[in-house]
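The structure appears below as structure tokens.
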């Protein structure tokens, strides 16, 4: 079933699309703000449920940044809408070239409501060595529940990036995966949670990198990691399926 | 004795609470300004004396950032008031999850009027290795009077973080402690002095880290450290108990 | 043939000069924005075709930043116009001391419409070791098609810098060359593309540097590099001669 | 001879003091802009000639930042005026604690019209190892004419810092000295030139540091250093005594 336009959708979905365009446009501004992207790189998307009563499904839509638009031009109107096969449903420009990877995640991880991709420096540096970031900070235990895992090398152009993300994150508490030689993808219950994970993955990738430059950081015992993670998900989370329910950290 | 609200307090305390909310809100802006925090991490608090004539005591209050509020939303009204057992006395949101640690410090170090916690990158990198920052810069001798010490590994949820801070700083001239695998806590005669210490601890942690990347920095002889520290406290300080009386450095 | 002024040119060229002054002035603001320059360092130029029907030729003009002007003063009026022998044709100030190198590139690479020079930190750090940046990131394969090459040591004052740039880039897919002990020069179909290459060369120089600090990044197999590069040039490029037709990356 | 106030000076000197306050206040904003200082650290001063016809002399004045004032408060009115013995002549606040060092330089280097002191990170990192920054970049040859030298360890409180600066810079083309375990001091024909040197010393200290992290940067042959320096001083300089006549670099 193709969606050539938004014309066949009920007004409740159109309203949600409009609201999501605003949210996604605004969240893109967080990427340069926290130094995660240069030029036009990086993208944020959020799922739009077409049947909220039934929950996530293959007919859902996603709102994402168009290709090649600078961060100064990122208005709600500039955002584009695609279906979960990555086809353009609404918008004046071509969707980000990473749309297929986002769509694959929404299709295969129904609990995910937001996806972010950047080439943030320190996370990408670990990715280039295919080395997971070890869990040596209490904030990593809180937010990631352990190491940040590495996904496979995958070329753009088919499902391989999406499959690599999903296969890696299914076995992990972490909402972030470092795709080998490429960069981080993060997930969340919505786009804001995925952006937060993108900010945090760079922060911990940087801090652990710097710590290791002058010696070996001390590991945190596994039972302490478990206890920090459990507490953080209970106190701050919404009680839904981990790892996509993380909330604010203060 | 519980304080369910501010209603029982004299107007002089209420005025001081109002003034302190302004100060604490404004000082939070210094944390992202100097690159010490990302997202909603980090917190600043200041003590409110309930009986200024008698001086600091267990019935004092503290003003702190609420949990999970972004740095764009940090108004005076958003700040919350707690007692020294960490219970919410006034405010619309839950206090920072680090409130118990702040409260423990105020209870056990009467000379402390402000506390700051961040996960600033370089300070946290030393903390992850449990390695004190050696005193190899004249500005470290001035401000910290020696090495910046490491506190124990401690889990959130009881008194352990607070105890770790107090036990470490009691034996040190330093207004900063690097809690192992966690990050820096700093103290001061007021919140501004603690924020300054948070800025300075990251600055010296970064500079000494970078210096050591290419060789060993030269130590400063202990008598020079003592002489720099004594001069700085006399010339710039207020004459009260070290280490919480440090003033501006120009 | 000397051009002492713009007075002999047709109004279409004068219009194009005016438009190019605007573009070049605006693009200079990208250099401090992305942290590529300090003080008054760095320069951007763009070719002005004097005979658009005939295409690029030795009589073309270039618009460039004047020498020693701060980034706060960079208005369209402050830009200067030179011929391809580097002589001032229009403007109140002396042209950048790097004008001869820009002019040499325009003369010898007709497909180039924009040139940028910076001393951006990480790119210059590789240049000081005369070490090419190895292609270990998918975004490098996309944008540079392989390693970023090193140009020869060359003194300012004659054609040596220009010759070094041209001889290095002729044998490379890369739109960037790291001149030994000096810094990066980048080219593009216009000034915007050259600025993008300047931003990207620093980004990948930084990321690969950081990755190598803790081990050896994994290489990307040559056939994958080729495939990424081919796809990126086809999907995003304009179909004209590589390496100066790269477009936006999202 | 003491100067308790400005009241005995001719109006031409008072005008020059007023103009210099503006210049010095404005130049202080360059220090945080280029990331050279945190909190209230760092200071800029400029000489005021009391007898311009006779040239620099021991009765000259200097304008400098007061102690402990934040960068948000740096207005022309906030600046203070001292004599060359470091005594306050005009202003509401105590002068910077580094005033004696500035004054010593003006007294002993008549060609110097501006002095800057920071604790900028990379320059201070070299200073902590007492290691000169080797001249491996063409921009270092241009601006510094060779290595950036190390000054002695010196305590604040008497002439030792000033003497260390003067003795080191007298034997060097460099307008910057890295005082051991302390940080950089820079000089110039005026405060602007000294601020530029402060920006450039951090830039080259950072770039050479980063280059050396992954290997040894290639040296530039001495005759090339000499030729770059001579050209830069001739083309951009004012022809007066090196090293304080360097001009803009574009």
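When the criteria are applied in full, residue A:42 fails the requirement of being farther than 21 Å from residue A:151 by Cα, within 12 Å of chain C (Cβ to nearest Cβ) and at pLDDT 95 or above. The residue list C:51, C:72, C:15 contains one member that is within 14 Å of chain D (Cβ to nearest Cβ), outside any strand (DSSP E or B), without any contact (Cβ under 8 Å) to a residue 24 or more places away in the chain and surrounded by fewer than 20 Cβ atoms within 10 Å (Cβ to Cβ), which is C:72. Without any contact (Cβ under 8 Å) to a residue 12 or more places away in the chain and assigned to a helix (DSSP H, G or I) - does that describe any residue in the range A:139-158? No - not one qualifying residue is present in the range A:139-158.
Among the residues of the range B:126-151, those identified as within 10 Å of chain A (Cβ to nearest Cβ), in contact with a helix residue (DSSP H, G or I) (Cβ under 8 Å, 6 or more places away or on another chain) and either surrounded by fewer than 24 Cβ atoms within 10 Å (Cβ to Cβ) or closer than 13 Å to residue B:204 by Cβ (or both) are B:126, B:129. For residue D:102, the conditions (1) part of a helix (DSSP H, G or I); (2) touching a helix residue (DSSP H, G or I) at 6+ places or on another chain (Cβ under 9 Å); (3) away from chain B (no Cβ under 14 Å) all hold with the exception of (3).
Total residues in the range C:105-123 satisfying the condition of being in contact with a strand residue (DSSP E or B) (Cβ under 8 Å, 6 or more places away or on another chain) and not in a strand (DSSP E or B): the figure is 9.
Can you tell me which residue in the range D:228-250 is nearest to the other protein chains (Cβ to nearest Cβ), limited to those that are at pLDDT 65 or above and touching a helix residue (DSSP H, G or I) at 6+ places or on another chain (Cβ under 7 Å)? Out of the qualifying residues, it is D:228.
Restricting attention to the range D:18-48, the residues that are in contact with a strand residue (DSSP E or B) (Cβ under 8 Å, 6 or more places away or on another chain) and not in a helix (DSSP H, G or I) total 7. Assigned to a loop (DSSP other than H, G, I, E, B) and touching a helix residue (DSSP H, G or I) at 6+ places or on another chain (Cβ under 6 Å): is that true of residue A:166 in this structure? When the stated conditions are applied, residue A:166 does not pass them. Tell me yes or no: at least one residue of the range D:172-184 is crowded, with 22+ Cβ neighbours inside 10 Å and on the phi > 0 side of the Ramachandran plot. Yes, there is a match, as at least one residue in the range D:172-184 is crowded, with 22+ Cβ neighbours inside 10 Å and on the phi > 0 side of the Ramachandran plot. Hey, any hits in the range D:203-220 for a residue that's over 14 Å from the mean Cα position of the chain (by Cα) and under 18 Å from residue B:138 (Cβ atoms)? The answer is yes; a qualifying residue exists. With respect to the conditions (1) in contact (Cβ under 8 Å) with a residue 24 or more places away in the chain; (2) in a loop (DSSP other than H, G, I, E, B); (3) in contact with a helix residue (DSSP H, G or I) (Cβ under 9 Å, 6 or more places away or on another chain); (4) more than 24 Å from residue B:201 (Cα to Cα), residue B:97 lacks only one, and its number is (4). Within the range C:200-227, being surrounded by fewer than 23 Cβ atoms within 10 Å (Cβ to Cβ), in a helix (DSSP H, G or I) and within 7 Å of another protein chain (Cβ to nearest Cβ) holds for C:209, C:212, C:213, C:224, C:227. Residue count for the range C:152-188 under the criterion of being at pLDDT 95 or above and either touching a strand residue (DSSP E or B) at 6+ places or on another chain (Cβ under 7 Å) or facing another protein chain (nearest Cβ under 10 Å) (or both): the result is 22.
The values are calculated or read from the model by the stated rules, or taken from the named source; none is laboratory data. Because the structure is predicted, anything quoted here is derived from the model rather than measured. With ideal geometry, Cβ positions are generated from the backbone for all residues, glycine too; neighbour counts draw on all protein chains shown.
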